[in-house]
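Note sheet for the following structure.
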Amino acid sequence: MSTPQTSPYGFRYIGAKRRTKEHPRFVTGRGRYAADIALPGLKHVALVASPHASAKILSICSEAARAVPGVHYVLTGDEFCAATDSLPIGVDAPKVTRWALARERVRYAGEWVAAVVADTRALAEDAAELIEVEYEPLPHVTDAEQAIANTDTLVHPAHGSNVILHRNFVWGPVEAEFANADHRLSFRATWNRNATVPIETFAVAAQWNPATEILDIWASIQMPKYPDQAARALRLPGNAVRVHYDVDVGGSYGVKRGIKHTVLVGYLARRLGMPVRLIEDRLENMRGGDMHGPDRTFDMTAAFDGDGTIRALKIRAIDNVGAYAGRAPFQLGKPVSAICGPYAVKAVAYEPVSVMTNKTPQEAVRGFGQAPTNFALERTMDRVARHLNMDRLAVRQKNLIRKDQFPYTIPSGSTYDSGDYQTVLDKALAAIDYPALVKQRDAARENGRLAGIGISTCLEPSGGNSAFEPLLNPKNETTTWMDSCLVRIDLSGAITGIMGTSSSGQGHETLVSTVIGEVLERDPATIRVIHADSLQALPSNSPVGSRMAIMLGGAAAGAARQIKETLLAIAAHNFECEKEDLDYRDGNVNLKGVPDKMLSWDQLVEIAHRKFHAMPAGVEPGLQAKFVWEVPTGGGLPTPDGRIQIYPCYAFECHIVYVEIDPDTAQPEIKRYVCGHDCGVMINPDIVHGMTYGGIAHGIGAALYEQFTYDDNGQLTSGTFMDYLIPSAHEIPPVKIVDHCTPSPITTFGQKGSGEAGYLGAPAAVANAINDALAPLHVEVNTLPISHLAIWETIEKAKRQ
Amino acid sequence: MSERLYAIAIEVNGTKRTGQVTARTSLVDWLREHLNLTGTHVGCEHGICGACSVMLDGAPVRSCLMYAVQADGHRVTTVEGLARPDGQLSVLQDSFCEAHGLQCGYCTPGMLIAAQALLDENPRPSEHEIRDAIGGNLCRCTGYQQIVEAIELAARRMAGEAE
């Protein structure tokens, strides 16, 4: 842990251990989170939520609430829905409208019905309790398959069905491969609802300035197109909404998408002429915060040969998106980009079905649907091995795409950029001493313990152009998700990098400063990075989909290179030579072989800012450059049969887990955990490792502990941290990460994306380990989370058999 | 709900602070809203996540589960009180930076409080003792690994065994 280590890739700063620029403000309590923004005269919102999963709203009586001293307003759906537009929906289902406040009908328990604005949050809550809402309960449905079958119980009757998306993709000769295969097997894998549940709930404050006609917004947001969506719903031009991105976000991992909260607060701030803030309390966050993740059942069918070769897959995925749908159905689209994982499968049929129910709406969660899909794929690999009585490693090794096959195009049309999967797997096996681990497991079994080894591999598609949107909605032609950076050198010679989005722990200030420092050969510690607001800023699509190392890193490099070219042009002009005759070192430029003939950084900056007479013709004075970076693989619309390149880069990881289960209590304990990881060049290894550790912890939570459970009445029964179990330092074991570097051939420095890695692979590995432990009992579990109770019941069932 | 005000006097980060609060004002709300000490964060408001941890007379407590009036006459240390008197980072704070023991920073103040309370009592904790001490503080970014490493580093530094 000593600093600084040098870059293993031969760079000056990239890859070396560098402290994270953001940390000092956080360890001193000087972060600036949305709940810390103190606006003079700030008013506070409390919400009235539906107690019913489905009901008609017959009446709302708010007179008593309005009469409470200090209460400024009570807003209900009638006014709000008339004055604002519905939030956009990703798929083609225009009748599925969605507002922050329900009008006439509620569709899930916890849906907001009224908002109270008062001088303090406590007063607003007091008043909210005085609001009387009369409901007429309606039948509800929370199970996706029942929602498909039961056409009498429609969540959105105007839509005419509970199915909001249903496609059938066939890529390659699926039926021929099935007909020719030696073996076939089918099974069902279920991924229940969980989410990344940041410790900070969602918070947003808004202030309308009637003189400038600008709505200022401070929010704990991580969301592409957020200012545009807010403006559109509020019926304001885009340039009337200013989102301040210099707000620290207290964790997100995909879910901080409080667009409905924002439109509500923005409307109230403008309506009342007062600054207004809403901070979710934990129950609101869990129940009505609309941040649940995929809730998915997979029917997997595999066709394979006796030697373990997987020839084709049929995947039916039914996803329960809850009562409204924003981007959630697209979480069935990202998996298309890696539909067969890291395996050379010739043909795949994929049937994604997105179903609305009376559960809390689903939103984007880390991996955007990839973690559940990988769980199903990796359970399939274990099932195939068991079917053939083959070693699970051997089946994987048989099917892994080989290093010499890259770039490799999978049946669904995505080309994987690079990889060396076998070496990464070998390194992880060596790190855990696999033969010794097998002996340890077997010895534990002999001592009467249930012990299992779990293996999973996984791809992390990263840096995408969001083209799953046109794939799943032909009316939507999104094929780019650019990002950008502006670099400016001021008269003092100091460097500032400007980015156009907020961060939620990914260390983007460190990323940008490291990249700019690398290109300009200036110390990143001296480079300041700021988050511009949305009216000043550059196009950005926010840090989703493991994209920032590729996209923001690429943009920062592009802008810095333009600066460098300008400096070289100034020097060439003054030395009356060509740029090629010059050496650039540490920001100083000298004539090759003539050390005396040098213009220093300070001199060059001085010329650019003050001395137009010393500037070459056609070069802008004032030293700044903007660069908008397009996804390296560009953007194209899908083919008619649904082949598409969405992501440019594919990182690879494998997880090896050793679990022991106490035979008396059924308590599982993860005793060893190794992750082999290859995301190309790591710009900051500490940051990459940190996100991987954190993702693994999320994955362990999804595998063993975390679930948004509902009772028969459609009530969320895990709305607090007493019953939605977030793993602590006791449940998460020490993890060893083994790095490997296969550079991407198509990014600026060879980097690939990172951040989702651990969460994508850990659930499958842990589930496989539990199942290996249960194998001697001839039982298995294919439903996550595999809770302590589920293990107990499975063991008891085995005993009875 | 009565909005009667009660006078309180609490030593916060070494300075006596006084105020008038309602009975239902939690300690964390008083620290954040009345003293503008926004380093202490609110995560769950039901005593599980530990983000709101502060030290009360040297021991870590949940400031979301405590009313401000209950802290009357006591000594409270928040994250803003952990730095050295000259404003430099404490060994523990610096070790968190060095070991990348944080990402989004939201749970960090509570983690630092829990870790500092541990090191005050037990300057050379084992890994198990560290995990035990932070077992009531949830973090969603780090998987705890680099937090444990940061606390181990701080302990070694305090013992003069690491720089």
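Over the range B:5-82, what lengths in whole Å, largest first, do the semi-axes of the equivalent ellipsoid take, defined as the square roots of 5 times the eigenvalues of the alpha-carbon gyration tensor?
The answer is 17, 14, 11 Å, longest axis first.
When you take every Cα atom in the range A:394-478, what is the radius of gyration, and what is Dmax, the widest Cα pair distance, in Å?
19.3, 61
Which entries in A:Lys95/A:Lys260; A:Lys56/A:Lys359; A:Lys398/A:Lys671; A:Lys21/A:Lys256 show an alpha-carbon gap greater than 21 Å?
Correct reply: A:Lys398/A:Lys671; A:Lys21/A:Lys256.
From the residues A:Val106, A:Pro224, A:Ile670, which one has its Cα farthest along the dipole of the protein assembly as shown in the positive direction, the dipole being from +1 and -1 charges on Cβ of Lys/Arg and Asp/Glu about the Cα centre?
A:Pro224
Taking one equal scatterer on every alpha-carbon of the range A:34-96, how large is log10 of I(q)/I(0) by Debye at q = 0.17 1/Å?
Taken in order of the listed q values, log10 I(q)/I(0) reads -0.96.
How large is the accessible surface per residue of chain A, computed with a 1.4 Å probe and reported in Å² as a whole number? Let's see the in-between values first.
Numbers: 27000 Å² over 801 residues.
Ligands and nucleic acids excluded, the result is 34 Å² per residue.
Stokes-Einstein diffusion coefficient for the range A:126-267 at 10 °C in a medium of 1.306 mPa s, Rh from the Kirkwood formula over Cα pairs: what value in µm²/s?
Numbers: Rh = 20.3 Å.
Approximately 78 µm²/s, per Stokes-Einstein.
What is the percent carbon and sulfur in the accessible area of chain A, measuring with a 1.4 Å probe over the protein chains and ignoring ligands?
The computed percentage sits at 49.
Taking the Kirkwood radius as the inverse of the mean 1/r across Cα pairs, report the Rg/Rh of the range B:91-158.
0.90
How many nm is it between the label spots at B:Leu5 and A:Phe612, if each spot is 7 Å from the Cα in line with the beta carbon?
6.1
Ranked from the most accessible area to the least, with a 1.4 Å probe and all protein chains present, what is the order of A:Lys260, A:Lys799?
Highest to lowest solvent-accessible surface, that is A:Lys799, A:Lys260.
Take the range A:25-171, drop everything but the C-alpha atoms, weight them equally and run the Debye formula without solvent; then report log10 I(q)/I(0) at 0.11, 0.13, 0.20 Å⁻¹ to two decimals.
Debye output, listed in q order: -0.58, -0.74, -1.19.
From other protein chains only, count the Cβ atoms within 10 Å of every residue's Cβ in B:36-48, then give the mean.
Working: counts 2, 1, 9, 8, 1, 8, 10, 9, 13, 6, 6, 2, 8.
Taking the mean over all residues of the peptide, I get 6.
Output the direction-averaged projected area (hull surface divided by four) of the convex hull of the alpha-carbon atoms of chain B, in nm².
9.4
Where in the range A:598-706 are there trypsin sites (Lys or Arg not before Pro) that are in a DSSP coil and have at most 16 other Cβ atoms within 10 angstrom of their Cβ?
A:Lys611
Using a/c under 1.5 as the rounded threshold, could you call the range A:164-233 rounded, prolate or oblate? The axes a ≥ b ≥ c are square roots of the C-alpha gyration tensor eigenvalues, and prolate needs a/b larger than b/c, oblate otherwise.
The shape class here is prolate.
Using label points projected 7 Å from each Cα along Cα→Cβ, tell me how many nm separate A:Ser186 and B:Arg156, to one decimal.
Each label point is offset 7 Å from its Cα along the Cβ direction, giving 5.7 nm.
Tilt of helix B:145-158 relative to the longest C-alpha principal axis of chain B, in degrees (0 to 90, nearest 10)?
That works out to roughly 80 degrees.
Enter the per residue convex hull volume of the range A:679-777, computed from alpha-carbon coordinates, in Å³ rounded to the nearest integer.
Measuring per residue, one finds 167 Å³ for the Cα hull of the range A:679-777.
With +1 on the Cβ of every Lys and Arg and -1 on the Cβ of every Asp and Glu, and nothing else charged, how large is the dipole of chain B about its Cα centre, in debye rounded to the nearest 20?
440
Sort A:706-716, B:61-71 by packing, meaning the average of other beta carbons within 10 Å per residue, with the highest value first.
B:61-71, A:706-716
So for A:Ser787, A:Ser728, what's the accessible-area order with a 1.4 Å probe, most first?
Final ranking, largest accessible area leading: A:Ser787, A:Ser728.
Rank-order A:97-109, B:137-149 by packing density, defined as the average count of other C-beta atoms within 10 Å over each peptide's residues, highest first.
Those peptides, ordered most packed to least, come out B:137-149, A:97-109.
Under the definition of partner shielding as Cβ atoms of other protein chains within 10 Å of a residue Cβ, what is the mean value for peptide A:503-515? Don't skip to the end; give the middle numbers.
Values: counts 2, 5, 8, 3, 3, 0, 0, 0, 0, 0, 0, 0, 0.
Mean inter-chain Cβ contacts per residue within 10 Å come to 2.
Once the range A:116-163 is represented by equal point scatterers at the alpha-carbon sites, with solvent omitted, what log10 I(q)/I(0) does the Debye formula produce at q = 0.17, 0.19 Å⁻¹?
Log-scaled intensity ratios, in q order: -0.63, -0.65.
Let me confirm one metric for peptide B:21-30, namely the mean number of other chain beta-carbon atoms within 10 Å of its residues' beta-carbons.
Working: counts 0, 2, 0, 1, 2, 1, 0, 0, 3, 0.
For peptide B:21-30, the averaged partner shielding equals 1.
What aspartates and glutamates sit close enough to A:Lys225 to cross-link, taking a C-alpha to C-alpha distance under 19 Å and skipping anything fewer than 8 places away on the same chain?
The reachable aspartates and glutamates, counting only those whose Cα sits under 19 Å from A:Lys225, are A:Asp85, A:Asp92, A:Asp216, A:Asp246, A:Asp248, A:Asp290, A:Glu363, A:Glu469, A:Glu477, A:Asp483, A:Asp533, A:Glu630.
Roughly how big is chain A's charge dipole about its Cα centre, with Cβ charges of +1 (Lys, Arg) and -1 (Asp, Glu), in debye to the nearest 20?
It works out to roughly 620 debye.
When DSSP beta bridges are limited to those with both residues in the protein assembly as shown, what percentage is antiparallel, rounded to the nearest 5?
Around 80 percent antiparallel, to the nearest 5.
Have a look at B:Thr25, B:Val61, A:Gly554 and report the one farthest towards the positive end of the charge dipole of the protein assembly as shown, computed about the Cα centre with Cβ charges (Lys/Arg +1, Asp/Glu -1).
Going by the Cα projections, it comes out as A:Gly554.
Kirkwood Rh over Cα pairs of chain A into Stokes-Einstein at 37 °C, 0.692 mPa s: D in µm²/s?
118
As I understand it, the dipole of the range B:91-158 uses +1 on the Cβ of Lys and Arg and -1 on the Cβ of Asp and Glu, about the Cα centre. Which of B:Tyr106, B:Ile134, B:Gln116 lies farthest toward its positive end?
In the range B:91-158, that residue is B:Tyr106.
Under the Karplus relation 6.51 cos²θ - 1.76 cosθ + 1.60, θ = phi - 60°, what is the ordered set of whole-Hz ³J(HN,Hα) values for the range A:727-738, x standing for Gly and Pro?
In residue order, the calculated couplings are x, 9, 5, 6, 7, 8, x, x, 10, 9, 9, 10 Hz.
Would you mind telling me the share, in percent, of accessible area of chain B contributed by carbon and sulfur at probe 1.4 angstrom?
45
Is the shape of the range B:1-41 rounded, prolate or oblate, going by the alpha carbon gyration tensor and its root eigenvalues a ≥ b ≥ c, with a/c under 1.5 for rounded and a/b larger than b/c for prolate?
Numbers: a/c = 2.92, a/b = 1.41, b/c = 2.07.
Because a/c hits 1.5 or more and a/b fails to exceed b/c, the range B:1-41 counts as oblate.
Amide H of B:Ser26: which non-local residues (sequence gap of 5 or more, or other chain) have their own amide H closer than 5 Å, using H built in the peptide plane?
B:Ala68
For chain A, which DSSP H helices look membrane-span-like by this rule: Cα extent along the axis of 20 Å or more and mean Kyte-Doolittle of at least 0.5?
Details: long enough: A:370-388 (27 Å, -0.62); A:548-575 (39 Å, 0.85); A:685-704 (28 Å, 0.66); A:757-774 (27 Å, 0.82).
Helices meeting the span and hydropathy rule in chain A are A:548-575, A:685-704, A:757-774.
Total Å² of accessible surface buried at the A-B contact, 1.4 Å probe, nearest 100?
The contact between B and A buries close to 4300 Å².
The values are calculated or read from the model by the stated rules, or taken from the named source; none is laboratory data. Note that this is a predicted model, so its numbers are computed, not measured. Cβ: placed from backbone, ideal geometry, glycine included. Neighbour counts: every protein chain shown. For accessibility, only protein heavy atoms count, side chains too; no ligands or nucleic acids. Shrake-Rupley method; radii C 1.70, N 1.55, O 1.52, S 1.80 Å.
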